[in-house]
Each structure stands twice: as structure tokens, then as C-alpha cells.
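Let me begin by presenting the structure, written as C-alpha cells, before commenting on it.
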Ligand SMILES: Cc1cc2nc3c(=O)[nH]c(=O)nc-3n(C[C@H](O)[C@H](O)[C@H](O)COP(=O)(O)OP(=O)(O)OC[C@H]3O[C@@H](n4cnc5c(N)ncnc54)[C@H](O)[C@@H]3O)c2cc1C
């Protein structure tokens, strides 16, 4: 028997890699831990694999104020609470990265970076999404030297500095408001003539004197020597090229779903996993998906939590049927 001890925030957890789990949950964001809470409360033998730490994206935001029943909470703290709640009900948690899967057979296999394997009757994919990059000269070169994708991580480095934000959705404006706690000025560069973000966020940035706005423009290059000094921008209507001096560039232009390794699953044109929204089932029996990695209308913590709950209950019903079938043989 192969026993390994791994954990996220708690000391000591014994994982028996010879077990056949009822469900393996891939990803420890809101969707994954929500699934974990429901699965473990239903007394499923459930294990969750997370590669970084509890909370996923929500852990990177400073204030969450739209999660029903919690008027205001720090995102990192919410991640810790989700993990605590799931563990309280018996969820096993492994800090490791899923590197491969075999989902087609009735007994699914999940391969970890550590070289271990997990076997399970069902799998819930809750791998979320990652930041999209601009793909312009200078971007890669200056990551960590002025180019950032995470305000919570890096905003404090820009105290009393001038920064540029690229993007016009909720993340761009929400993160911009957080950066405004540190930076002297924030110029938002957006390729369209208006923002897509929620009206309340727009009202807040327009009312804040630290913000300047450049619409109908795209960043063509990030310029500097040792660190970022300016961005070269192009007006998409006139073609005019100009430079904006800046100490930093925050890129908030969208997400890429973490679904590349799930080759056998049906996905939409952007790579999000297609599920039956009734029960979060995918095109492969016993495989469910939840949260930001699925094709859906609204990607938020509350919807990730709901998806995770539905996926776990559906997985429980599915596993019950499989076990009944096995016991009748
Ligand atoms: C800056 C910011 C602010 C936000 N603010 C709000 C807000 O105020 N309110 C709100 O409701 N929503 C907010 N959101 C959106 C919300 O965070 C997401 O919709 C939600 O958290 C998605 O949860 P998820 O579990 O589906 O995915 P994620 O949070 O993306 O979690 C996926 C997890 O899977 C892990 N993972 C991925 N691949 C693997 C692998 N191969 N092996 C192991 N683990 C893996 C990742 O490390 C990650 O922890 C915000 C998002 C951002 C980025």
C-alpha cells in the first residue's frame, strides 16, 4: 500500500493511492471546493487535487462583495474558508498538479505531476481559467519588471507610480480600483469605444480622479530598458501611433480555460467544456465539469459554487448506479 502525506493549509493528510475513489475533483477554486463540500457531506470517498493553493482566482482579489450572505470578504480568506469547510466534512486534499487523465473507461485515471495516479468512478473538472496575454513585443520580457496580470500580487509595487491597464471588462475595472489604492495615475487603454464592465464599476472608475481613459486603441509594444518605460499604442480608427509613458502595465484582457488536457471532452470554440447545465455532465459518462472552465453565461464565484454543488450531487447519483451494477455482477 502506497501512503503519501500531502496537504494544502493543514498539516498531515494520508492519501491511499491504492483506493478507488468515488470522485476525484480537479482544481481547488470555488467550484472545486463547493463540489468537495457536497461530495464529502454525501459521504463520498472524495479527493481534490489543487496545484497552487485554495481559492483559485477568487483568492487573488481583495474584496468580494457580491457573494450572497457574505456582505464583504477578502478573496484569499474566502478560499481558506472553502477549504476548511470541505475538510471538515472529510474531503481529502492533495497539493499536486494533474498532468494527464484517462476518462473514457468506467474506472477513470488521473495522473499527477508527482508521478502518482488516482483511480475513481467519477471525475469533476473544476480547473478554471487563466489570464490571457497581449502577445506583443516586450510583454514576456517585462513580466515581473513592470508587466503584471494580477493586481493583488503586484499593485503595491506601484505606489505613487503611473500605470497603464489594458482591457475594458469587469476584471480590468475592478482591478483598476484596487490599483488606485497605490498608484498615482491609471490610464485604461481599451480597444472599443466603451467598457463592457458592470455599470457600477464604470461609475466608480469614472468618478475617481486618478483614472484617465484612452478608447479605440490597442497596445502594439511595451517599451523599456531594464524595466517598463512606455507603451506604444495604435488608434484602431485613425491608425495613429503614439506613446504613453508608464511605470507598469497591467493586462486584464480575458481568460483562457484550463481545459487543454481534456482532449476527449466536447468544448466550445473558445475551449470551454460543454456541459449539460441540468447536471453538469459532459459527453463522457462519469465526467462532470463546473465553474469557469465550462461554457456558460456568467463566470462568478456564486455560479462556480452552484456548478460545483450540482456536479457533486450528479456524480454521487452516477457512482451509486455504477456501484449497484458492480455489486449485482
Ligand atoms: C481579479 C478577480 C476578481 C474577481 N472578483 C470576483 C468577485 O468579486 N465576485 C465574484 O463572484 N467573482 C469574482 N471573480 C471571478 C471568480 O473568481 C471566478 O468566477 C471563480 O472563482 C471561478 O472559480 P473556479 O473554481 O471555477 O475556477 P478558478 O478560480 O480558476 O480555480 C481553478 C483552480 O484549479 C486549479 N488547477 C487548474 N489546473 C489544474 C491542474 N492541472 N491540476 C491541479 N489544479 C489545477 C487552479 O490552480 C485553480 O486553483 C474574480 C476573478 C478575478 C480574476
Of the listed residues (29, 75, 79), the one being modelled with pLDDT under 95, within 13 Å of the ligand (Cβ to nearest atom) and in contact with a helix residue (DSSP H, G or I) (Cβ under 7 Å, 6 or more places away or on another chain) is 75
The condition of being more than 8 Å from the ligand (Cβ to nearest atom), assigned by TED's automatic domain parsing to the domain that holds residue 283 and farther than 19 Å from residue 262 by Cβ holds, among 84, 106, only for 84
Over region 67-94, the set of residues part of a loop (DSSP other than H, G, I, E, B), free of Cβ contacts under 8 Å to residues at least 12 places away in the same chain and in contact with a strand residue (DSSP E or B) (Cβ under 8 Å, 6 or more places away or on another chain) is 72
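For every residue, the table says whether it meets (1) within 16 Å of the ligand (Cβ to nearest atom); (2) over 21 Å from residue 47 (Cβ atoms).
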{"residue": "261", "(1), (2)": "yes, no"}
{"residue": "267", "(1), (2)": "yes, yes"}
{"residue": "271", "(1), (2)": "yes, yes"}
{"residue": "275", "(1), (2)": "yes, yes"}
{"residue": "278", "(1), (2)": "no, yes"}
{"residue": "288", "(1), (2)": "yes, no"}
{"residue": "301", "(1), (2)": "yes, yes"}
{"residue": "319", "(1), (2)": "no, no"}
{"residue": "325", "(1), (2)": "no, yes"}
Within region 271-304, the count of residues that are surrounded by fewer than 24 Cβ atoms within 10 Å (Cβ to Cβ) and under 24 Å from residue 60 (Cβ atoms) comes to 10
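Quick one: in region 44-66, which of the residues that are assigned to a strand (DSSP E or B) and within 6 Å of the ligand (Cβ to nearest atom) is modelled with the lowest pLDDT? Quick ask: steps written out before the conclusion?
From region 44-66, those assigned to a strand (DSSP E or B) are 46-50, 55, 64; that's our starting set.
If we keep only those that are within 6 Å of the ligand (Cβ to nearest atom) too, we end up with 49-50, 64.
Working: 49: 98, 50: 98, 64: 86.
Of everything passing the filter in region 44-66, 64 is modelled with the lowest pLDDT.
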Among strands (runs of 3 or more DSSP E) completely within region 110-177, the ones holding 2 or more residues that are more than 11 Å from the ligand (Cβ to nearest atom) are 117-125, 162-166
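The values are calculated or read from the model by the stated rules, or taken from the named source; none is laboratory data. Nothing here was measured: the structure is a model prediction, and the numbers come from that model. Cβ sites come from the backbone with ideal geometry, for glycine too, and all protein chains shown count toward neighbours.
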